[in-house]
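S.K.: My structure is below; once you've seen it, I'll send some questions.
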Amino acid sequence: MKRYRGYQKWRCAALWAALILAELMVAAAPAVTTAVLLIPALIKQRGRLAYGSEWILVTLIFCLMYRTVHELVCDRIFGEEA
């Protein structure tokens, strides 16, 4: 019986890890799209690579998307109203 409990714990940990990885991938998609579109345009405008507001914007988009996706997923899992 102890062996089964250990398996259940590992299975649960693996499922949570997969869920977090999926959330990260969903949040990364709009951030990468923004980076691909915005950074080359600003490099062309400036004439050089700079670490300015575009990187802050990409980071902000990633963080906001991750928070939104995570809240939706947790609300769905734990049965809370959005």
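No value in this document is a laboratory result; all are computed from the given coordinates. Being a predicted model, the structure only gives us computed values, none of them experimental. Every residue, glycine among them, receives a Cβ derived from its backbone with ideal geometry; neighbour counts consider all protein chains shown.
S.K.: List the chymotrypsin sites (Phe, Trp or Tyr not before Pro) within segment 45-82 that fall in a DSSP loop (any state other than H, G, I, E or B) and whose Cβ has at most 11 other Cβ atoms within 10 Å.
M.R.: Details: sites: TYR51, TRP55, PHE62, TYR66, PHE78; in loops: TYR51.
When the chymotrypsin sites (Phe, Trp or Tyr not before Pro) of segment 45-82 are filtered for loop state and at most 11 Cβ neighbours within 10 Å, TYR51 remain.
S.K.: Turning to a different aspect of this structure: According to the square roots a ≥ b ≥ c of the eigenvalues of the Cα gyration tensor, what is the shape class of segment 25-73, taking rounded for a/c under 1.5, prolate for a/b larger than b/c otherwise, and oblate for the remainder?
M.R.: Prolate.
S.K.: Continuing with this model, one more query. Which is the longest stretch in the chain that no exposed loop site breaks, taking sites as GluC sites (Glu not before Pro) with a DSSP loop state and at most 15 other Cβ atoms within 10 Å?
M.R.: Value returned for the longest uninterrupted segment is 1-79.
S.K.: On full extension of the chain, what length is gained from VAL69 through TRP10, given 0.36 nm per residue of separation minus the C-alpha to C-alpha distance?
M.R.: 18.8 nm
S.K.: Report the extension gain between ALA50 and LEU37 in nm, rounded to one decimal, defined as 0.36 nm multiplied by the number of residues separating them, less their alpha carbon distance.
M.R.: My answer for the length gained is 3.2 nm.
S.K.: Next up: Give the angle, between 0 and 90 degrees and rounded to the nearest 10, that separates the Cα long axis of helix 53-78 from the longest principal axis of the Cα atoms of the chain.
M.R.: The angle comes out near 20 degrees.
S.K.: Using Cα atoms only, what is the angle between the long axis of helix 2-46 and the major principal axis of the chain, expressed in degrees (0 to 90) to the nearest 10?
M.R.: The angle comes out at about 10 degrees.
S.K.: So between ILE77 and ALA17, what do we pick up on full extension, going 0.36 nm a residue minus the alpha carbon distance?
M.R.: 20.1 nm
S.K.: Is the C-alpha gyration tensor of the chain telling us rounded, prolate or oblate? Criteria: a/c under 1.5 is rounded; beyond that, a/b larger than b/c is prolate, otherwise oblate.
M.R.: It comes out prolate by the Cα gyration axes.
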